[in-house]
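Trainee: Dumping the structure here so I can ask a few things about it.
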Amino acid sequence: MLIKRPSDIPSSEVTAERDFVNRRTFLRAAAGVGAIAAAGVTVPWLAGRGEQPVPAGAALDDEPNSWEEITTYNNFYEFGTGKGDPAKHAHMLQTRPWTVRVDGEVHKPTVFDIEDILTSFPTEERIYRLRCVEAWSMVIPWQGFALRDLLNKVEPTSHARYVEFTTVQNPQQMPGQRRAILPWPYVEGLRLDESMHPLTILSTGLYGKTLPNQNGAPIRLVVPWKYGFKSGKSIVRIRLTREVPACTWNVVAPNEYGFFANVNPSVDHPRWSQARERRIGELFRRPTLMFNGYGEQVASLYGGMDLERFF
Ligand SMILES: Nc1nc2c(c(=O)[nH]1)N[C@H]1C(S)=C(S)[C@@H](COP(=O)(O)O)O[C@H]1N2
Ligand SMILES: [Mo]
């Protein structure tokens, strides 16, 4: 996602391919061919999973990526722009004590201690696809709870229309923040109705374990039908607003990264196609699904909208 340096994308993918070409890749590559043909079929093994909404259009072999893949191939520019930088440097971030301030257009502004969040909002497993705007993807078994459970606690006012999420700012512990890679802190935002959607979660863990720092500990947003950059990490503030929040990537490159950033195979990034993606761990590209495969659940949020204009 580096801006104005088109060479970054191909080179990062070359590196990634080298990293993941191992025996396992070849074993899974065979499955990948079947996946392309089978894309769009609902996964039976997800269907019985408690309250979890079944992701529509999940491919048959849509099995979760490994712990290793999920925790060593990351985007978290606060720790550097390389995919391996977060795993290398994120241990420097101290995630306790930690508070999340929820304020703005709410009747009950509240500063939540992370320990209270962990005890008041029981988490459940949500296996979601993550589609990065850079045309790679993973499947991640998050532990999380619906963002709307937290928002309902603070009682949004009738003026609230958007929600802004702010990442911690701590240049001492986050070496990337000592450089002007992006304007810090990292800020992302959603419409309020997107935030209240049951698929939108705050995650505090993965694979049944505490969330590793490189994945956004102690608490990060996950919005599975949007490009990964919408899912802000290590959040310290959630603010409800009347106006569209100033989102980091949208501010630095508005013609490349829209406010909505819904996964859409038919709307290309100005410098590359979004039609296909490389699932980390697989050799062959697979087709990208509209709304990342969650269209059945979320398409109604965008009824009547021109999705090429509001990309
Ligand atoms: N604070 C912060 N949040 C962030 C980012 C970042 O650089 N800083 N990168 C985003 C991008 S581009 C992606 S694809 C996802 C990656 O999440 P993961 O590393 O847990 O897979 O985090 C998103 N959240
Ligand atoms: Mo991303």
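The values are calculated or read from the model by the stated rules, or taken from the named source; none is laboratory data. From a predicted model like this one, the values you see are computed outputs, not experimental measurements. All Cβ positions, even for glycine, are placed from backbone atoms using ideal geometry, and neighbour counts span all protein chains on display. Protein only, heavy atoms only, side chains kept; ligands, DNA and RNA dropped before computing areas. Shrake-Rupley method; radii C 1.70, N 1.55, O 1.52, S 1.80 Å.
Trainee: Where a Cα-Cα gap under 19 Å defines reach, which lysines qualify for Lys233, not counting those fewer than 8 residues away within the same chain?
Mentor: Straight-line reach from Lys233, under 19 Å: Lys83, Lys88, Lys209.
Trainee: What is the percent carbon and sulfur in the accessible area of segment 55-302, measuring with a 1.4 Å probe over the protein chains and ignoring ligands? Display every interim value, and only then the final one.
Mentor: Working: 4640 of 8960 Å².
The C+S portion of the solvent-accessible surface of segment 55-302 is 52 percent.
Trainee: Then there's this: Quick one: if the Förster radius is 41 Å, what FRET efficiency do His159 and Leu283 give, using the C-beta to C-beta distance and rounding to 0.05?
Mentor: Details: r = 50 Å, r/R0 = 1.23.
Efficiency computed from Cβ-Cβ geometry: 0.20.
Trainee: Figure the gain on full extension for Ser120 and Leu307 (residue separation times 0.36 nm, minus the Cα-Cα span) and round it to one decimal in nm.
Mentor: Value of the extension gain: 63.6 nm.
Trainee: Is the shape of segment 201-311 rounded, prolate or oblate, going by the alpha carbon gyration tensor and its root eigenvalues a ≥ b ≥ c, with a/c under 1.5 for rounded and a/b larger than b/c for prolate?
Mentor: The shape class here is oblate.
Trainee: A further question on this structure: Enter the accessible area per residue of segment 55-302 (Å², integer; probe 1.4 Å; all protein chains in place).
Mentor: 36
Trainee: Be a star and scan segment 77-103 for residues whose amide nitrogen sits under 20 Å from the point 7 Å along the Cα-to-Cβ vector of Arg178.
Mentor: 77-95
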